[in-house]
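What follows is one structure encoded as structure tokens, with my remarks underneath.
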């Protein structure tokens, strides 16, 4: 089988570092403003004056109603909304916001039964942000909206739950963290392993020397596949969707059903389906390792190996991240039908996965022993020579505790379990892997202190995003 690699590289030189919009046609729309590059030898703003305390002047008691809105009413957004509503924590959803009128109906009908009134349907999230009654928002849009919607929400005094992958560039994550600090807002990333009890016991086991010194960490995200993809022709947008608002900060292009429904295959809107899903494992790995800093170099290889189609993202890629004391590999793909995610029989029980063909396992190798750990339930097991299990703890699916933590933090003004600063650092690994791949499998030398690419102008150009006029990311 002939192997194919499709690299999506566009670049425009500007003063300082080159910044490139990730336009799928290789062109830069005239209404796209340059922004989001990386500045060498400048510590990111969110790390300069770290304040772990949020203002306490608007605390709420358990008797106070928390008023929320959903922004992005796809299947996952609806699931988050209904799970939150089932917490019985005196929560009310006032808005269901989506640019597509065909989405969100299930959430509206179910919420009407649960809370006694029907949420308002709106296409424009700015209506939500303008409403003084709204305490917080759940952002479950395609990826191009995550950063801007989060910053707008923080500026409007709203607390945020934002889905992964939380950003499309390193700069976006920095600005999201800075906005949370500047406006004193709770920002909970949708990396729910941060609310799993077994994740913290695994962290303590490693911290106390149970594995010895860490030498390697292998993070896997291997989805079922290979999956065929037939890109549709451009067409007129249906009347039921505001296509311009759907695109938001992304380059203006004609309506295309494939972009609309399979947006994760395009760099304009996502980080790749497999990498998107693997954001959970990367963040969990960082948590159990004690939230290490960032790598000093990253190298990624991969490609589109199975179909000669127009998908921009690879169907398999593997990155090697050098943390100095140990190596972390990220293995992501959608071409392994024999691999399986942990199902309900693991997630909602005290059973452990069959690690050998578990699609989302993390392996941590120490000088004494090794650990397997599963995401969203699955727990962890430590093995010695010969496969002897010497320590273990089962674990349960942690979405409900993660949503409850978000609601609790809206009331108490405490920092959330999945705070934006650590969520951003986890996303940096995803971005660096993709940058290395998109630049032609270039090794990236990276400054953990300045969060900047040091050695390659092409990668520096790709590291930025373009923002359409009216949808620029504020430099808060």
Identify all residues within the stretch 448-460 that are under 22 Å from the mean Cα position of the chain (by Cα) and either part of a strand (DSSP E or B) or within 29 Å of residue 252 (Cβ to Cβ) (or both); write none if there are none.
-> 452, 453, 459, 460
Identify all residues within the stretch 64-78 that are more than 19 Å from residue 117 (Cα to Cα) and surrounded by fewer than 21 Cβ atoms within 10 Å (Cβ to Cβ); write none if there are none.
-> 74, 75, 76
Of the residues in the stretch 375-394, those that are surrounded by fewer than 21 Cβ atoms within 10 Å (Cβ to Cβ) and out of contact with any strand residue (DSSP E or B) (no Cβ under 8 Å at 6 or more places or on another chain) number 5
Among the residues of the stretch 346-356, is any outside any loop (DSSP other than H, G, I, E, B), surrounded by fewer than 19 Cβ atoms within 10 Å (Cβ to Cβ) and out of contact with any helix residue (DSSP H, G or I) (no Cβ under 9 Å at 6 or more places or on another chain)?
-> yes
Filter pass, residue 365 being in a loop (DSSP other than H, G, I, E, B), closer than 22 Å to residue 215 by Cβ and touching a residue at least 60 places away in the same chain (Cβ under 8 Å) = no
Per-region count, the stretch 326-339, residues within 21 Å of residue 274 (Cα to Cα) and either free of Cβ contacts under 8 Å to residues at least 60 places away in the same chain or more than 21 Å from the chain's Cα centre (by Cα) (or both) | 6
Counted residues in the stretch 375-394 being over 25 Å from residue 337 (Cα atoms) and touching a residue at least 60 places away in the same chain (Cβ under 8 Å) come to 4
Is it the case that some residue within the stretch 233-255 is modelled with pLDDT under 95, over 21 Å from the mean Cα position of the chain (by Cα) and more than 21 Å from residue 428 (Cα to Cα)?
-> no
Can you tell me which residue in the stretch 258-269 is farthest from the chain's Cα centre (by Cα), limited to those that are farther than 8 Å from residue 313 by Cα and buried (at least 22 other Cβ atoms within 10 Å of the Cβ)?
-> 259
Please identify the pairs in which a residue from the stretch 212-228 that is on the phi > 0 side of the Ramachandran plot and at pLDDT 95 or above has its Cβ atom under 8 Å from the Cβ atom of a residue that is buried (at least 17 other Cβ atoms within 10 Å of the Cβ) and outside any loop (DSSP other than H, G, I, E, B), counting only partners at least 6 apart or on another chain.
-> 212/366
Go through the stretch 375-388 and count every residue that is in contact with a helix residue (DSSP H, G or I) (Cβ under 6 Å, 6 or more places away or on another chain) and in a strand (DSSP E or B).
-> 1
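Here is a yes/no grid of residues against (1) closer than 25 Å to residue 320 by Cβ; (2) in contact with a helix residue (DSSP H, G or I) (Cβ under 8 Å, 6 or more places away or on another chain); (3) in a helix (DSSP H, G or I):
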{"position": "401", "(1), (2), (3)": "no, yes, yes"}
{"position": "410", "(1), (2), (3)": "no, no, yes"}
{"position": "426", "(1), (2), (3)": "yes, yes, yes"}
{"position": "431", "(1), (2), (3)": "yes, yes, yes"}
May I ask you to verify whether residue 298 is in contact (Cβ under 8 Å) with a residue 12 or more places away in the chain, closer than 26 Å to residue 395 by Cβ and buried (at least 20 other Cβ atoms within 10 Å of the Cβ)?
-> no
Does residue 343 satisfy being surrounded by fewer than 16 Cβ atoms within 10 Å (Cβ to Cβ) and in contact with a helix residue (DSSP H, G or I) (Cβ under 8 Å, 6 or more places away or on another chain)?
-> no
Residue among 424, 402 that alone is modelled with pLDDT of 95 or more and within 25 Å of residue 48 (Cα to Cα) | 424
Scan the helices (runs of 4 or more DSSP H) fully inside the stretch 98-210 and keep the ones with 1 or more residues being in contact (Cβ under 8 Å) with a residue 60 or more places away in the chain and either buried (at least 24 other Cβ atoms within 10 Å of the Cβ) or in contact with a strand residue (DSSP E or B) (Cβ under 7 Å, 6 or more places away or on another chain) (or both).
-> 146-155, 170-182, 197-207
If we scan the stretch 72-79, do we find a residue that is modelled with pLDDT of 95 or more, farther than 30 Å from residue 175 by Cβ, part of a loop (DSSP other than H, G, I, E, B) and in contact with a strand residue (DSSP E or B) (Cβ under 9 Å, 6 or more places away or on another chain)?
-> no
Quick count over the stretch 244-258, residues being over 22 Å from residue 169 (Cβ atoms) and touching a residue at least 24 places away in the same chain (Cβ under 8 Å), is 3
The one condition residue 60 fails out of (1) within 28 Å of residue 181 (Cα to Cα); (2) at pLDDT 50 or above; (3) touching a strand residue (DSSP E or B) at 6+ places or on another chain (Cβ under 6 Å); (4) surrounded by 14 or more Cβ atoms within 10 Å (Cβ to Cβ) is (3)
Determine which single condition residue 372 fails, assuming it passes every other condition in (1) touching a residue at least 24 places away in the same chain (Cβ under 8 Å); (2) buried (at least 19 other Cβ atoms within 10 Å of the Cβ); (3) assigned to a strand (DSSP E or B).
-> (1)
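The values are calculated or read from the model by the stated rules, or taken from the named source; none is laboratory data. Here the structure is a predicted model, which means the values were calculated and not measured. When we count neighbours, we look across all protein chains shown, and the Cβ atoms used for this are built from the backbone with ideal geometry, even at glycine.
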